[in-house]
1. Identify all residues within segment 83-108 that are in a loop (DSSP other than H, G, I, E, B) and either open to solvent by 30 Å² or more (accessible area, probe 1.4 Å) or closer than 16 Å to Q43 by Cα (or both); write none if there are none.
2. Taking the stated definitions as given, is I267 under 21 Å from the mean Cα position of the chain (by Cα) and assigned to a strand (DSSP E or B)?
3. Looking only at segment 109-139, which residues are part of a loop (DSSP other than H, G, I, E, B) and β-branched (V, I, T)?
4. Considering only segment 278-323, state which residues are of a type in the set (D, E, K, R), within 20 Å of W211 (Cβ to Cβ) and open to solvent by less than 40 Å² (accessible area, probe 1.4 Å).
5. Applying the selection to segment 308-325, what residues are over 20 Å from F260 (Cβ atoms) and touching a strand residue (DSSP E or B) at 6+ places or on another chain (Cβ under 9 Å)?
6. What number of residues within segment 374-430 are part of a strand (DSSP E or B), farther than 30 Å from G54 by Cβ and open to solvent by 30 Å² or more (accessible area, probe 1.4 Å)?
7. Keeping to segment 34-48, report how many residues are open to solvent by less than 50 Å² (accessible area, probe 1.4 Å) and touching a residue at least 60 places away in the same chain (Cβ under 8 Å).
Amino acid sequence: MALAPELQNAIIASVEKGFDDQIAYTRKLVSFASVRGAEHAVQDFTYRELSSRGYVMDRFAMDRTAIEAHPGGSPWSEHHSKAPIVVAIHHPRKETGRSLILQSHLDVVPPGPEAMWQHKPYGGEIVGDWMFGRGAGDMKAGAAANVFALDALRRLGLQPAATVYVQSVVEEESTGNGALMTHLRGYKADAVLIPEPEDNKLVRANAGVIWFQVEVRGVPVHVREMGQGANAIDAAYRVIGRLRQLEAEWNTRKAQHPHFENEAHPINLNIGKIEGGDWASSVPCWCVFDCRIAIYPGVRAADAAREIRETIENFARGDAYFSNNAPRITFNGFHTEGSVLEPGSDAEAVLGRAHEAVFAAPLETFMTPAYLDTRVYALYDQIPSLCYGPISKNIHGFDECVSLSSVKSITKAMALFIAEWCGTEPLAEPA
């Protein structure tokens with residue numbers, strides 16, 4: 001049932017009232033340099049904040065064996081984070097509404113050289129409408145919105161009339177195993193909402209992602225005898241060239257995949273990291289490069305990985321040098337499939353009403369060729385999985401920032417969504 005106008009207006013006003021505190025909370029989150037493996041402090045902060053609100057708390061490590069046994073698990077490498085997952089649980093006095101997962105991730109990608117930022121990477125500086133900092137958009141503003149959308153109801157003496165799980169995960173930027181771990185832990189609900197930075201829109205479809213590493217060996221000699229050696233870095237370029245051809249081949253298949261068919265270049269291969277050689281005057285005997293490539297929803301990660309491996313192996317067999325010195329391929333991160341939010345769910349309809357009440361415009365949907373944790377819930381719980389969040393700029397780049405006016409509006413819509421989806425009840429027992 002749609003919210004009464006009086007309650008709707010009260011919730012919107014409550015978000016406004018708490019927004020200064022929400023900004024301060026977001027800045028605190030941004031201040032943590034929570035790159036992969038260093039998320040313990042921000043997760044401890046999150047645990048304390050949610051615990052202070054009276055939620056039932058759960059903090060747990062990831063179970064490598066369980067993750068690796070699950071078809072949605074990504075390979076575990078030496079770089080895998082050991083930070084805990086944090087879940088805050090709201091139990092209503094009487095379960096009359098529909099349950100909900102509110103999820104965010106607090107791991108961030110490395111900031112790169114600080115000298116290339118105009119604003120401090122972890123400063124949370126505010127200039128006009130924009131808060132700057134690594135993770136400000138992706139997705140610490142969304143993490144704060146999860147907390148403060150619920151706080152807006154509490155400020156009115158209300159709470160959800162259904163179970164709500166507020167989940168704070170890691171490994172979203174590298175494997176997706178954090179969200180999968182909450183699924184394996186047994187947390188289930190009727191819908192999930194993840195406020196990633198999505199330009200005030202709802203994601204209709206998202207890509208899966210494969211990470212892999214290629215190691216090439218060469219033959220070292222002094223550069224005066226370069227013709228007698230084999231340059232591993234030059235050889236790596238040849239492998240990359242063949243992978244670019246595979247990327248082009250996958251893009252030609254877009255017509256077979258709804259929501260992707262009209263995109264100019266939905267499948268992107270990124271050579272994200274490369275190392276090689278030991279000495280400028282020696283022909284390099286080694287080169288290692290790390291890659292990320294997208295896959296369409298409906299394509300099995302195992303099938304995509306097999307095609308990548310076969311592409312490199314077949315290329316090597318036809319290459320004069322590689323035929324006797326095959327590259328080594330390791331799948332070392334994301335091994336995840338894409339997902340689609342099918343139209344017509346009650347959850348989307350409720351979010352649409354909430355969005356329109358705040359923005360005075362219909363909720364738009366779009367496709368993103370990126371990984372989203374919603375895939376866990378769409379594929380393995382088969383529940384409506386909503387990814388909807390604020391306007392941002394430069395995520396994963398220099399001077400990442402998020403629009404505060406957009407965050408405020410998104411938080412209002414989220415609070416309205418929670419109130420209608422879960423229903424509400426008094427925060428305390430009547431006297």
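1. Those that are in a loop (DSSP other than H, G, I, E, B) and either open to solvent by 30 Å² or more (accessible area, probe 1.4 Å) or closer than 16 Å to Q43 by Cα (or both): A83, P84, H91, R93, K94, E95, T96, R98, L106, D107.
2. Judged against the criteria, I267 is not a match.
3. The one that is part of a loop (DSSP other than H, G, I, E, B) and β-branched (V, I, T): V109.
4. Selection gives D290 alone.
5. Residues satisfying the conditions are R309, I312, E313, Y321, F322, N325.
6. Final tally of qualifying residues: 1.
7. 6
For every residue, the table says whether it meets (1) open to solvent by 10 Å² or more (accessible area, probe 1.4 Å); (2) not basic (K, R).
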residue: I126; (1), (2): yes, yes
residue: M131; (1), (2): no, yes
residue: R134; (1), (2): no, no
residue: Q159; (1), (2): yes, yes
residue: V169; (1), (2): no, yes
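The values are calculated or read from the model by the stated rules, or taken from the named source; none is laboratory data. Note that the structure is a prediction, hence the values are computed from the model and not measured. Cβ sites come from the backbone with ideal geometry, for glycine too, and all protein chains shown count toward neighbours. Just so you know, the surface numbers come from the protein's heavy atoms only, side chains and all, with ligands and any DNA or RNA stripped out. Shrake-Rupley method; radii C 1.70, N 1.55, O 1.52, S 1.80 Å.
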